[in-house]
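Asks: For reference, the structure I am asking about is given below.
The values are calculated or read from the model by the stated rules, or taken from the named source; none is laboratory data. Small disclaimer: the values here were computed from a predicted structure and weren't measured. Don't worry about glycine lacking a Cβ; one is built from the backbone with ideal geometry, like all the others, and counts go over all protein chains shown.
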Amino acid sequence: MNIPDVTRAQTQDLLDFIDASPSPWHAVQTCETRLTTAGFSRLDEADRWTLSAGDRRYVVRGGSSIIAFIIGSQPAATTGLRLIGAHTDSPGLRLKPKPAEDAAGMVRLGVEVYGGPILATFADRDLSLAGRVNVRVPGGFATRLVRFAEPLLRLPNLAIHMNREVNENGLKFNKQTELPLLLGVSEDGTKAEARFRQPIAEALGVEPGDLLTWELNAYDTQKGAFWGVDREFVANSQLDNLASCHAALSALLATPEPAATCLCAFFDHEEVGSESASGAGGSFVADVLSRLSASAGLDGEDQRRMLAQSFFISADMAHGWHPNFPAAYEPCHHALVNAGPVIKSNANQRYSTSAETAARFMAICEKAGVPCQQYAHRTDLGCGSTIGPIVAARLGIPSVDVGSPMWAMHSIRESAGVLDHGYMIAALTTAFSN
Ligand SMILES: [Zn+2]
């Protein structure tokens, strides 16, 4: 299989992007770094906004959702907006507010299950901690990002000699009693709580007692890798959905002077239903759009003209066909890895795609010179959903759900195709100028 150099480089950049983003807060920071390097400047929701054509700006809400945009050269009321959405969060294990527990001389950290991970894949991985911590400072508190590069934690499997049926029955964990992560030994009577606080305090250069609260997830320290006989696949954590964030951001950065205003909106909390202040079900995107309209001097009438001519692409990963499990797939809707972006449809509106928006995305792919595929879930299986229907309903704009095909969605080590990532960037770049 021939992989163009530019596609190889784009996919290596994706792996670097994910490796720099072990939590949703880090993902937003990674986006911010790339945006500021490309000349984007930050807007604060608490300030008054004044915007003009050509402006490149971004705004962050809740530390883990970000909307970046370029103001188009043409009036928004006549061009509409080009919006691409994705999500920054991935399913996994989150530390509890008081996680440390002494279990007969071992320090364990209690976790909550965030979203729907394949829990068995978290066993025997070189896990560590990443996220954000609030520390006491004079007069209040400050929020700091923290990440440990070295493996701090582990969820060791039970030996097969004590779990004889594991290969027949599958690997199952009781979420309360069998998922806590091993951190260390509580020697010399050192309290588990102190063993937990000490490395975090050290990493942040503060006193252990000044750590107030945290949002920390376990992440896999193994870096992303190419695999396959022609290195035509990639493996990494969080391909769902940082691959879509990376593709959309790359497309925005490749769009210097668009006619229509182009936006990327990356939301936290998709994996838990999107209903939060910074999630896709919150007011974030609607608030940003109304401020863009106000800044452009659009009245209510023009604002609705703008929305009516807009197009929203919800970019989230799709299920690639797995040759070992053919019965899991709808026989007429195989989405093959390395065969192009997938348009996802569901009659019950689990995806926002209509026949019309699907045709529009097909035309975009054709213009970009990339193949595209169509996916529908088996009728007798429950279908997942995305931010697509939520944002489409909030804004009332035409929307399509698309994504690159991948394997092992919600595993801590997912896989996808190298060609597909290049195709998706090309399609989304074309969408911004279409
Ligand atoms: Zn997703």
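Asks: Is it true that residue 49 is more than 16 Å from the ligand (Cβ to nearest atom), at pLDDT 95 or above, under 25 Å from the mean Cα position of the chain (by Cα) and of a type in the set (Phe, Trp, Tyr)?
Replies: No.
Asks: Somewhere in segment 355-375, is a residue within 16 Å of the ligand (Cβ to nearest atom) and assigned to a loop (DSSP other than H, G, I, E, B)?
Replies: No, because not a single residue in segment 355-375 is within 16 Å of the ligand (Cβ to nearest atom) and assigned to a loop (DSSP other than H, G, I, E, B).
Asks: With 424, 409 as the choices, which residue is over 13 Å from residue 339 (Cα atoms) and within 16 Å of the ligand (Cβ to nearest atom)?
Replies: 409
Asks: Looking at residue 293, is it touching a helix residue (DSSP H, G or I) at 6+ places or on another chain (Cβ under 9 Å), over 21 Å from residue 86 (Cα atoms) and of a type in the set (Ser, Thr, Tyr)?
Replies: Spelling it out, residue 293 is indeed touching a helix residue (DSSP H, G or I) at 6+ places or on another chain (Cβ under 9 Å), over 21 Å from residue 86 (Cα atoms) and of a type in the set (Ser, Thr, Tyr).
Asks: Now for a different question. Return the only residue of 270, 257 being among the acidic types (Asp, Glu) and surrounded by fewer than 23 Cβ atoms within 10 Å (Cβ to Cβ).
Replies: 257
Asks: If you don't mind, there's one more thing I want to ask. Give the residues of segment 166-175 that are of a type outside the set (A, V, I, L, M, F, W, C) and free of Cβ contacts under 8 Å to residues at least 40 places away in the same chain, sorted by residue number.
Replies: Result: 167, 168, 169, 174.
Asks: Please enumerate the residues belonging to segment 133-173 that are of a type in the set (S, T, N, Q) and exposed (fewer than 10 other Cβ atoms within 10 Å of the Cβ).
Replies: 167, 169
Asks: Further, regarding this structure: Does any residue of segment 344-354 turn out to be touching a residue at least 12 places away in the same chain (Cβ under 8 Å), in a helix (DSSP H, G or I) and of a type in the set (Val, Ile, Thr)?
Replies: no
Asks: A further question on this structure: Which of (1) surrounded by fewer than 24 Cβ atoms within 10 Å (Cβ to Cβ); (2) under 21 Å from the mean Cα position of the chain (by Cα); (3) not in a loop (DSSP other than H, G, I, E, B) is the odd one out, the single condition residue 411 does not satisfy?
Replies: It fails just one condition, (3).
Asks: How many residues are within 16 Å of the ligand (Cβ to nearest atom) and either farther than 18 Å from residue 404 by Cβ or among the aliphatic types (A, V, I, L, M) (or both) when one looks only at segment 250-267?
Replies: Looking only at that region, the number is 2.
Asks: Sticking with this one: For segment 201-232, how many residues meet the condition of being of a type in the set (Asp, Glu), surrounded by fewer than 15 Cβ atoms within 10 Å (Cβ to Cβ) and either closer than 20 Å to residue 154 by Cβ or free of Cβ contacts under 8 Å to residues at least 24 places away in the same chain (or both)?
Replies: Of the residues in that region, 2 qualify.
Asks: If residue 13 meets every condition in (1) surrounded by fewer than 20 Cβ atoms within 10 Å (Cβ to Cβ); (2) outside any helix (DSSP H, G or I); (3) among the acidic types (Asp, Glu) apart from one, which number is that one?
Replies: (2)
Asks: Determine which single condition residue 270 fails, assuming it passes every other condition in (1) away from the ligand (no atom under 16 Å from the Cβ); (2) in contact (Cβ under 8 Å) with a residue 60 or more places away in the chain; (3) closer than 26 Å to residue 429 by Cβ.
Replies: (1)
Asks: Further, regarding this structure: Which of the residues spanning segment 92-142 are in contact (Cβ under 8 Å) with a residue 40 or more places away in the chain and among the small types (Gly, Ala, Ser)?
Replies: Listed by number, the residues that qualify are 92, 100, 103, 105, 110, 115, 116, 120, 123, 128, 130, 131.
Asks: I would also like to ask the following. Considering each of 113, 146 in turn, give the residue that is closer than 26 Å to residue 171 by Cβ and either out of contact with any His (no Cβ under 8 Å at 6 or more places or on another chain) or part of a loop (DSSP other than H, G, I, E, B) (or both).
Replies: Answer to the check: 113.
Asks: Anything in segment 275-330 that is in a loop (DSSP other than H, G, I, E, B), of a type outside the set (A, V, I, L, M) and under 20 Å from residue 89 (Cα atoms)? List them, or say none.
Replies: The answer is 275, 276, 278, 279, 281, 282, 283, 316.
Asks: Let me ask something else. Can you find, within segment 1-45, the residue that is nearest to residue 234 (Cα to Cα) among those that are of a type in the set (Gly, Ala, Ser) and touching a residue at least 60 places away in the same chain (Cβ under 8 Å)?
Replies: 21
Asks: Which of the following residues is within 16 Å of the ligand (Cβ to nearest atom), part of a strand (DSSP E or B) and under 22 Å from the mean Cα position of the chain (by Cα): 391, 402?
Replies: 402
Asks: Still on this structure, please answer the following. Can you tell me which residue is surrounded by the most Cβ atoms within 10 Å (Cβ to Cβ) among those in segment 301-343 that are in contact (Cβ under 8 Å) with a residue 12 or more places away in the chain and of a type in the set (D, E, K, R)?
Replies: 316
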